[in-house]
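What follows is a set of notes on a single structure, which appears directly below.
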Amino acid sequence: MTRRLSPDQQGLDEAASILRGGGLVAMPTETVYGLAANALDPVAVARIFEAKRRPSFDPLIVHLPSAEEAFGYATSVPDAARELAAAFWPGPLTLVLPRATIIPDIVAAELPTVGLRVPAHAVARQLLERVGLPLAAPSANLFGFVSPTSAVHVLDGLDGHIDAVLDGGLCTHGLESTVVAFEAGIPIILRHGAITREQIAALCGEVGEGARVLERPLAPGQLARHYATRTPLRLFDRADQLPEPAATAFLIVVAGPLPDAQRSGNLSARALSPSGSLTEAAATLFAALREADASGALELRILTCEDHGLGRAINDRLRRAAVRA
Ligand code: AMP
Ligand code: MG
């Protein structure tokens, strides 16, 4: 049984003590729920891979309470990384930097680098301060499936396989952190996320994208199929491309109102943000995918959004969710 802890003093103490003992605790962050373990304990970290059924080639992000502590786990820090940290930490940004030897191989999937992040969520911060250890934490879901934005989502996938979940309610961003590496001091976006390319470019000027030469995916977000629903999912760029409503279809419109022609006739039709706010859409995207997946629909139809700002991260998740195994 997995214990559900309140994020009060007692719950936080309990969570910290589980983590010190090598156990697993799911914690809320501003992006999605993370499945945390002591990043310096390879056995504890191995339990994360086991619980998530995550392949061992997939490195974990290490969470710290401050930039100063985070950079202590890197052997060198480019100026651009310091600027990004000053602007966006605490927040939904992961910086991939050369790793200090104290970070175990299993955390980094044997890569010479480590992903570091200072989360903004009050509960995550309190837990990090209380436990006094760096916490390795990937999203708290079974590998390859939709990320969890509530404690109930975490339990859906991992109940019985982890020691506890700190229930901090719903996550505000609902999209994972943006993962940024550096080549010759220039930021390279490995995974789009809650901090947009535009925000990074405004600060650093030049920004690259994707890992250029990869023998294997550097970020699992780069795997073709990820964030997958069990129900087949089809994407549409424009409302006029949507098929006729069908009693077996669940329609999700990411940004903007439901098209008139789709208001009735589908099993369900949902607009994530009728006003067209990408922030609002991102916050409810994963919950809507889970709900649609559980609805009994035979097909999920999604009207995507424009490919800029947060829309790039949203569409990226949807494209990977739509790839069938
Ligand atoms: P998840 O834990 O499921 O949110 O995914 C964490 C993301 O951070 C993945 O895309 C990882 O591959 C990425 N990541 C963590 N550490 C590294 C690293 N050293 N190099 C590249 N990507 C990393
Ligand atoms: Mg994940």
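The values are calculated or read from the model by the stated rules, or taken from the named source; none is laboratory data. Keep in mind that this is a model prediction, so the values were computed, not measured. In this analysis, Cβ positions are derived from the backbone assuming ideal geometry, glycine residues included, and neighbour counts consider all displayed protein chains. Side chains included, ligands, DNA and RNA excluded: accessible areas come from the protein's heavy atoms. Shrake-Rupley method; radii C 1.70, N 1.55, O 1.52, S 1.80 Å.
Free of any GluC sites (Glu not before Pro) that DSSP assigns to a loop and that have at most 13 other C-beta atoms within 10 Å, the longest stretch within the chain is 216-325. The shape of the range 1-138 comes out oblate: with a ≥ b ≥ c from the C-alpha gyration tensor, a/c is at least 1.5 while a/b does not beat b/c.
What dipole magnitude, in Debye to the nearest 20, does the chain give about its Cα centre under +1 on Lys/Arg Cβ and -1 on Asp/Glu Cβ?
Dipole magnitude for the chain comes out near 640 debye.
Calculated mean residue ellipticity, 222 nm, the chain: -8500 deg cm²/dmol, from DSSP H runs (n ≥ 4) at -39500 (n - 2.57) each, averaged per residue and rounded to 500. Our estimate of slack between ARG4 and HIS161, defined as 0.36 nm per intervening residue step minus the Cα-Cα distance, is 55.2 nm.
Compute the signed sum of charges (Lys and Arg +1, Asp and Glu -1) over the other residues within less than 12 Å, Cβ to Cβ, of LEU5.
Charge balance in the 12 Å sphere: -3.
From Cα pairs below 8 angstrom and at least 6 apart in sequence, can you work out the relative contact order of the range 232-325, rounded to a whole percent? Spell out each step's value before the answer.
Working: 161 pairs, mean separation 35.5, N = 94.
Rounded, it is 38 percent for the range 232-325.
Evaluating 6.51 cos²θ - 1.76 cosθ + 1.60 at θ = phi - 60° for every residue in the range 291-296, the Karplus couplings come out as 5, 4, 5, 8, 7, x Hz, glycine and proline recorded as x. Using a Gaussian network model of the chain in which every pair of alpha carbons under 10 angstrom is joined by a spring, one finds that among GLN199, GLN262, GLN241 the greatest mean-square fluctuation is at GLN241. Ranking THR248, ALA151, GLY169 by how far each Cα lies toward the positive end of the dipole of the chain (charges on Cβ) leaves THR248 at the top. With respect to the chain, whose longest principal axis is taken over its alpha-carbon atoms, helix 9-20 is tilted by about 70°. Considering only protein heavy atoms and a 1.4 Å probe, what is the carbon-and-sulfur percentage of the accessible area of the chain? The nonpolar share, carbon plus sulfur, comes to 52 percent.
Specify which residue in the list THR94, LEU5, ALA80 is farthest towards the positive end of the charge dipole of the range 1-147, using unit charges on the beta carbon of Lys, Arg (+1) and Asp, Glu (-1), about the Cα centre. The residue sitting farthest along the positive end of the dipole is LEU5. Solvent-accessible area per residue in the range 244-325 equals 42 Å², computed with a 1.4 angstrom probe and all protein chains kept. Checking the a/c ratio against 1.5 first, then a/b against b/c, what shape does the Cα gyration tensor give for the range 258-325? Taking the square roots of the gyration eigenvalues as a ≥ b ≥ c, the range 258-325 is oblate. Among beta bridges from DSSP that stay inside the chain, the antiparallel ones total about 40%. Here the relative contact order of the chain, from alpha carbon pairs under 8 Å that lie six or more residues apart, stands at 19 percent.
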